[in-house]
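Structure, as structure tokens:
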Amino acid sequence: MKMNKRLIAVSVLVLSAVMAIPVFAQTTTTTPTTTVAPVATTASEQPILQVGAAGKVLLRGTIASISGTTLTVNSWGGTWTVDIASGASILPAAANGNISQFSTGDFVGVQGTVSQSANWTINANLVRDWTYRAAVVQQQQQNIQTAQATKQSGPRDYIGTASAVTASSLTLTAAAGTTYTVTVPSGAEIVNTKWITIPLTSVNSGDNVRVYGVNASGTITARIVRDVTIVATTTAQ
């Protein structure tokens, strides 16, 4: 009888050990890892059509045509006409409030209301060109990299107020009153404070500018002209 009890006790211990093995095996599996997804810089280029109360609409799709202040956009349901109302937000802000920078094939987002007087028509109060926005962001990054390389090569930094601006030159007046003639050759980098490329003619008399270039007897040959006054209408959004 004592022998049977010992056998039973040993059997229970062995069975317990065997049953515990899977439990411990599960607790020693590899620790789950967390993958951090990259931050998206553009909207996913998937067509979207959402119509809510009072005809409020969100549309995303591809520009089929551009005429004046009207777009046609391919999305769910077919081709939509997008009438852009006066005062509507045109983004990114680098577009300067008009759609002249938009192109056929660009992916856009539209917010507004569905027209009650025309089929497949949206009266838009906001239009954002995601394709153009991505191009603006890429341009900013490229301009910053180019400027960093230029600065490392040694041209001096001149700071002052612009005047007598033409397509290829300007006058720079430093705080101490010293006046320089700045020539801007083809290939020079001309940017605003957000490092977005602008034409030199966008620089206005009285704007604060920074010029990186080589001075020869009062004439600076610019490699970079940065207008730090122009901000609001030329940022990427």
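Bear in mind that the values in this text are calculations on the coordinates, not laboratory data. The shown structure was predicted, so the numbers you read here are calculated from the model rather than taken from an experiment. Here Cβ is always computed from backbone atoms with ideal geometry, including for glycine, and neighbour counts include all displayed protein chains.
With the largest listed first and rounded to whole Å, the semi-axes of the equivalent ellipsoid of the stretch 144-234 from the Cα gyration tensor are 17, 16, 12. For Tyr158, the residues 5 or more places off, or on other chains, whose built amide H falls under 5 Å of its own are Val211, Tyr212, Gly213.
Entry note, the stretch 101-237: relative contact order of 21 percent, from Cα contacts under 8 Å with a spacing of 6+ residues.
Set the Förster distance to 30 Å, then compute FRET efficiency between Thr193 and Thr166 from the Cβ-Cβ distance, nearest 0.05.
Step by step, r from the Cβ atoms, then E = 0.90.
Scaled against the 2.2 N^0.38 Å expected of a compact globular protein of N residues, the Cα radius of gyration of the stretch 92-205 reads 1.48.
You can think of it this way: the chain between Val51 and Asn215 has 53.0 nm of extra reach, that is 0.36 nm per residue less the Cα-Cα gap. Dimensions of the stretch 48-132 based on its C-alpha atoms, expressed as ranges along the principal axes with the largest first, amount to 32, 24, 19 Å. What the pair-distance distribution of the stretch 133-172 shows, using all Cα-Cα distances binned every 5 Å from zero, is 6, 18, 13, 15, 25, 18, 5 percent.
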